[in-house]
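Peer 1: Shown below is the structure under consideration.
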Amino acid sequence: MDLVLNVADQYVLTPYVYPSSWPEEGALRQIITLLVVTNLGAAVLYLGLGWLSYQFIFDHNLMKHPQFLKNQVRREIKYAMTSLPIISIPTVALFFFEVRGYSKLYDNVEESTMGWPFLLFSMISFLLFTDGCIYWIHRFLHHKRIYKHFHKPHHVWKIPTPFASHAFHPLDGFLQGLPYHIYPFLFPLHKVLYLALYIFVNIWTVSIHDGDYRVPGPLQEVVNGAAHHTDHHLFFDVNYGQYFTLWDRIGGSYRNPSVLEGNGPLDCIRRLMAEGKISSSEDNADTNGYANSGTKSKEQ
């Protein structure tokens with residue numbers, strides 16, 4: 001994060017946020033910079049990626065589903081934009097320790113004893129480490145004594161849009177993002193690769209909420225995509241994984257996506273249209289009466 005901090009400090013924030021007389025290595029100056037950069041970066045990534053996915057990938061027919069809520073997109077955005085600034089506070093504390101040199105982040109490939117091959121290894125290990133950690137954190141958040149206080153707001157969105165991707169309770173969002181920040185304190189990681197992985201993580205988080213259920217055939221059993229994660233929203237206690245299905249299989253929580261069995265959300269919509277319960281021209285506002293009286297999910 002010190003790479004971003006230095007650019008923002010030199011070209012953007014001085015002297016508009018704080019005077020140039022403040023020492024560059026001063027803790028207050030660094031914390032203010034990190035707060036500004038983290039909040040702006042989170043908003044840009046969330047709104048930018050969410051808008052692109054919503055416009056060009058998300059199937060808007062899903063908004064006709066009985067469990068799609070009235071004004072859902074607006075509510076998702078409002079909840080996320082309220083939570084992200086709160087999540088940024090403990091996140092900035094971790095970034096501050098990184099900038100102060102307490103992590104194992106490094107600048108040059110030559111600093112690694114294994115050179116370029118280690119970059120590939122660290123990328124794979126980052127994904128495996130964070131996937132395993134998030135699986136167990138996610139399951140913990142589903143514990144009956146924890147769930148209603150922190151994770152339940154994210155499950156309001158039974159048929160999520162890309163904007164649901166970051167619509168978490170602040171503590172929920174921070175805990176599920178914590179493995180990404182812990183990794184560089186435990187294992188060496190190139191700073192540029194860390195930034196790239198951070199952006200990838202946000203892209204992936206949006207993608208598993210985008211309603212695009214297509215996954216190349218050979219990867220359907222391995223990759224935890226939107227089809228798997230949509231079933232998590234619908235059926236509550238399955239498919240907790242982030243990237244892969246490995247831990248769901250180990251933990252006994254794997255469910256083959258209903259969309260692959262011809263029983264997914266779009267199949268439901270087609271059946272309701274065939275039965276005349278919704279029409280092809282109806283918008284979501286017209287189906288909300290049916291939505292509130294329709295079949296309840298397992299969680300409900």
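The values are calculated or read from the model by the stated rules, or taken from the named source; none is laboratory data. Quantities reported herein were computed from a predicted structural model and do not represent experimental measurements. All Cβ positions, even for glycine, are placed from backbone atoms using ideal geometry, and neighbour counts span all protein chains on display. The area values use the complete protein model at the heavy-atom level, side chains included, leaving out ligands, DNA and RNA. Shrake-Rupley method; radii C 1.70, N 1.55, O 1.52, S 1.80 Å.
Peer 1: From the list Val7, Val44, Val36, Val99, which one is open to solvent by 70 Å² or more (accessible area, probe 1.4 Å), more than 24 Å from Phe236 (Cα to Cα), at pLDDT below 95 and aliphatic (A, V, I, L, M)?
Peer 2: Val7
Peer 1: Quick test for you: out of Leu62, Leu45, pick the one residue that is in contact with a helix residue (DSSP H, G or I) (Cβ under 8 Å, 6 or more places away or on another chain) and either under 20 Å from His155 (Cα atoms) or not hydrophobic (A, V, I, L, M, F, W, C) (or both).
Peer 2: Leu62
Peer 1: Would you say Pro85 is free of Cβ contacts under 8 Å to residues at least 40 places away in the same chain, farther than 24 Å from Phe236 by Cβ and either over 16 Å from the mean Cα position of the chain (by Cα) or assigned to a helix (DSSP H, G or I) (or both)?
Peer 2: no
Peer 1: Still on this structure, I have one more. Name every residue in region 145-190 that is more than 17 Å from His209 (Cβ to Cβ), open to solvent by less than 30 Å² (accessible area, probe 1.4 Å) and part of a helix (DSSP H, G or I), in order of residue number.
Peer 2: Tyr147, Pro170, Pro179, Tyr180, His181, Tyr183, Pro184
Peer 1: A further question on this structure: Looking at Asp267, Asp248, Asp231, Asp212, which one is in a loop (DSSP other than H, G, I, E, B) and either acidic (Asp, Glu) or in contact with a Cys (Cβ under 8 Å, 6 or more places away or on another chain) (or both)?
Peer 2: Result of the check over Asp267, Asp248, Asp231, Asp212: Asp212.
Peer 1: Now for a separate question. Which one of the conditions (1) closer than 17 Å to Asn71 by Cβ; (2) touching a His at 6+ places or on another chain (Cβ under 9 Å) does Ser165 fail to meet, given that it meets all the rest?
Peer 2: Of the numbered conditions (1) closer than 17 Å to Asn71 by Cβ; (2) touching a His at 6+ places or on another chain (Cβ under 9 Å), the odd one out for Ser165 is (1).
Peer 1: Turning to a different aspect of this structure: Is it true that Val92 is modelled with pLDDT of 95 or more, over 21 Å from Val201 (Cβ atoms) and surrounded by 17 or more Cβ atoms within 10 Å (Cβ to Cβ)?
Peer 2: When the stated conditions are applied, Val92 does not pass them.
Peer 1: Right, another one. Take region 100-133 and flag every residue that is over 30 Å from Ile250 (Cβ atoms) and either in a helix (DSSP H, G or I) or within 19 Å of the chain's Cα centre (by Cα) (or both).
Peer 2: Answer for region 100-133, where residues must be over 30 Å from Ile250 (Cβ atoms) and either in a helix (DSSP H, G or I) or within 19 Å of the chain's Cα centre (by Cα) (or both): Val109, Glu110, Glu111, Trp116.
Peer 1: Also, quick follow-up: For region 236-256, enumerate the residues that are open to solvent by 10 Å² or more (accessible area, probe 1.4 Å), β-branched (Val, Ile, Thr) and within 18 Å of Ala226 (Cβ to Cβ).
Peer 2: Answer for region 236-256, where residues must be open to solvent by 10 Å² or more (accessible area, probe 1.4 Å), β-branched (Val, Ile, Thr) and within 18 Å of Ala226 (Cβ to Cβ): just Val238.
Peer 1: How many residues does region 251-263 hold that are part of a loop (DSSP other than H, G, I, E, B) and more than 12 Å from His232 (Cα to Cα)?
Peer 2: Result for region 251-263: 3.
Table: residues versus (1) of a type in the set (A, V, I, L, M); (2) assigned to a loop (DSSP other than H, G, I, E, B).
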position	(1), (2)
Leu69	yes, yes
Glu98	no, no
Arg139	no, no
His143	no, yes
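Peer 1: Please verify whether Gly211 is over 30 Å from Pro117 (Cα atoms) and at pLDDT below 95, treating the condition exactly as stated.
Peer 2: Here the answer is yes, as Gly211 does meet what is asked.
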